[in-house]
Amino acid sequence: MRRPHEQSPHGLFGRRRPVGALVATYSIAACDLEAGQWGVATQSKFLGVGSVVPWAEPQVGAIATQAYANPRYGPDGLALLREGASAEEVVERLTQPDDGRDHRQLGVVDDNGGSASFTGSECMDWAGGRTGPCYAAQGNILVSAETVDAIAETFERTAGAPLAERLIDCLDAAQAAGGDRRGQQSASLLIVEEDAGYANLSDVVVDLRIDDHELPIVELRRLYGLHSKLFGITPPEDWLSVDEALAAELRDRLGKLGYDGELDRAFNDWAGTENLEERVDGVERIDPVVLGALRKQSG
C-alpha cells in the first residue's frame, strides 16, 4: 500500500529531463500559528540547498521546492498564497501548467496551517510525502519512506517547542531514519515572523545555511545555538537589576578587556563588538545571557 502522495519512480530513460537542478533532499515546510511563525528546514546531498528549496513569508505561508526543482514555485507560490489560495490550490496551480511536473516535488503550508505535498511520478526512489496540520514533509532519493515518517512524527511529537528547534529535530530524526541515500552535504533553516527579525525591522527570524559540510545538520544545530545566544530573547522578568556591586563587577570585567571609562559607553561598546547589541537595553538591567558571556570572556 502506498502512503499519501507517494509515487513510484519509473526512471528517466528515453525521457527529456526538465530544466533545473536535481535537488535530491528531504524537507519540511511548517508553521506555528500561535507564535505567528512559518518556516522550512531541509538537508540534501547538494551544494547550498538553502539557495533553492526554502521560501516563506509571515502570515502567508511556507514552500519547499525540490527534486528537479522549479525555483519559480517559491515566489509564484507565495504570490498565490498571498491572494488567498489554499495549500492544495497552490500545488495544483503551480504543477498543472508545468511540463516538468512529473520530476518536481513540492511542499506547501498556508496561512491557516493547511498543507499539501506533491511528488511527480518521475521522482527518483524513494520519493513521497506526508502532511498534517501545519506541516508538509517530503523527500526524494531517500533510503526509504521511514525518513519522511520520522519528520512527520517528530513534528507532531514536539508541539509546543519553538518552531526552529522542532524543525532541526525533524532533520535529525530524518537522518537517523536513513536520510538521502546519496549522503549529506548541505542543510538550511528559514524561520519568518512579522517584524521579529533583526532590530524588529525584518521578518526573517532565522536564516542559516550550511552549504558544504560532512555533517551539515550537526553544524546547523551549532550555528542555531550561536544564533540563539546573539539574537534570542530572555523574558524581561529574568533580567537582573544592576546594583552597585554588579556595576562594580561590570566595570572591572570590562576594564580587563580594554573597555574603560563611563559604564554605559564601555558596556555598549563591548556588546557591539561581540554582536550582542540586540540583548542590551541600557545598564540599569542586564540580560543574564550577556552577563554570562562577559564573565566567560573576562575570566
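Within the set of other residues whose C-beta is less than 14 Å from the C-beta of LYS45, count the net charge using Lys and Arg as +1 and Asp and Glu as -1. Can you show the working numbers first?
On the way: positive: ARG181, ARG182; negative: ASP180, ASP211, ASP212, GLU214.
Combined, the nearby Lys, Arg, Asp and Glu give -2.
Ignoring ligands, DNA and RNA, how do TRP126, TRP270 rank by accessible area with a 1.4 Å probe, largest first?
On the way: TRP126 30, TRP270 0 Å².
Ranked list, largest accessible area first: TRP126, TRP270.
Expressed in whole Å with the largest first, what are the equivalent ellipsoid semi-axes of the stretch 145-299 derived from the C-alpha gyration tensor as the square root of 5 times each eigenvalue? Intermediate values should be presented prior to the final figure.
On the way: eigenvalues 289, 54, 36 Å².
So the equivalent ellipsoid measures 38, 16, 13 Å along its semi-axes.
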| Roughly speaking, what is the centre-to-centre gap between the stretch 210-289 and the stretch 36-60 when only Cα atoms are used, to the nearest Å? | 28 Å
| said: Expected output is a single nm value to one decimal: the length gained when fully extending between ALA79 and GLU244, i.e. 0.36 nm times separation in residues minus the C-alpha distance. What is it? | reply: 53.9 nm
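Quick one: length gained pulling ASP211 to ASP260 fully straight, 0.36 nm per residue minus the C-alpha distance? Mind showing how you got there, number by number?
On the way: separation 49, 0.36 × 49 = 17.64 nm, distance 4.03 nm.
That works out to 13.6 nm of additional length.
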| request: Match the structure shown to one of the listed values [x] 17.6, 53; [y] 20.5, 62; [z] 22.1, 79 of Rg and Dmax of the Cα atoms in Å, computed from it, and give that label. | output: [z]
| task | Using only Cα atoms, find the angle between the long axis of helix 216-231 and the longest principal axis of the chain, and express it within 0 to 90 degrees, rounded to the nearest 10. | result | 40 degrees
| request: Return one number: the angle in degrees, 0 to 90 and rounded to the nearest 10, between the long axis of the Cα atoms of helix 263-273 and the longest principal axis of the Cα atoms of the chain. | output: 30 degrees
| Label ALA176 and LEU230 with points 7 Å out from Cα along Cα→Cβ: what is the distance between them in nm? | 2.9 nm
| request: With θ set to phi - 60°, apply the Karplus curve 6.51 cos²θ - 1.76 cosθ + 1.60 along the stretch 189-198 and write out the HN-Hα couplings as whole Hz, x wherever there is a Gly or Pro. | output: 9, 10, 10, 10, 7, 4, 6, 10, x, 3
| message | Could you compute how much accessible surface GLU92 exposes when probed at 1.4 Å, giving the result in Å² to the nearest 10? | response | 100 Å²
| field | Per residue accessible area of the chain, 1.4 Å probe, in Å² | value | 47 Å²
| said: Test of understanding: what is the full-extension gain from ARG285 to VAL143, defined as 0.36 nm times their sequence separation minus their Cα-Cα distance? | reply: 45.9 nm
| field | Amide H contacts under 5 Å for TYR68, placed H, 5+ residues apart | value | VAL23, GLN105
| message | Using a 1.4 angstrom probe on the protein heavy atoms only, could you order LYS296, LYS45 from most to least accessible area? | response | LYS296, LYS45
| query | Starting at 0 and stepping by 10 Å, how many percent of the alpha carbon pairs of the stretch 244-286 end up in each bin? | reply | 30, 62, 8
| task | Could you tell me how many degrees, from 0 to 90 and to the nearest 10, lie between the Cα long axis of helix 244-256 and the main elongation axis, the longest principal axis, of the Cα atoms of the chain? | result | 70 degrees
| remark: Scalar couplings 3J(HN,Hα) for the stretch 63-71 by Karplus 6.51 cos²θ - 1.76 cosθ + 1.60 (θ = phi - 60°), nearest whole Hz, x for Gly and Pro, are 9, 10, 10, 7, 6, 6, 5, 9, x
| note | Applied in sequence order to the stretch 286-299, the curve 6.51 cos²θ - 1.76 cosθ + 1.60 (Karplus, θ = phi - 60°) yields integer Hz couplings, x standing for Gly and Pro, of 9, 5, x, 5, 5, 4, x, 5, 5, 4, 5, 6, 8, x
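Quick one: ranking PHE155, PHE46 by accessible area, 1.4 Å probe, largest first, what do you get? Kindly include the intermediate steps, with their values, before the conclusion.
Working: PHE155 5, PHE46 45 Å².
Result of the area sort, largest leading: PHE46, PHE155.
The values are calculated or read from the model by the stated rules, or taken from the named source; none is laboratory data. Note that the structure is a prediction, hence the values are computed from the model and not measured. FYI the Cβ positions are ideal-geometry reconstructions off the backbone, even for glycines, and counts take in every protein chain you see. Just so you know, the surface numbers come from the protein's heavy atoms only, side chains and all, with ligands and any DNA or RNA stripped out. Shrake-Rupley method; radii C 1.70, N 1.55, O 1.52, S 1.80 Å.
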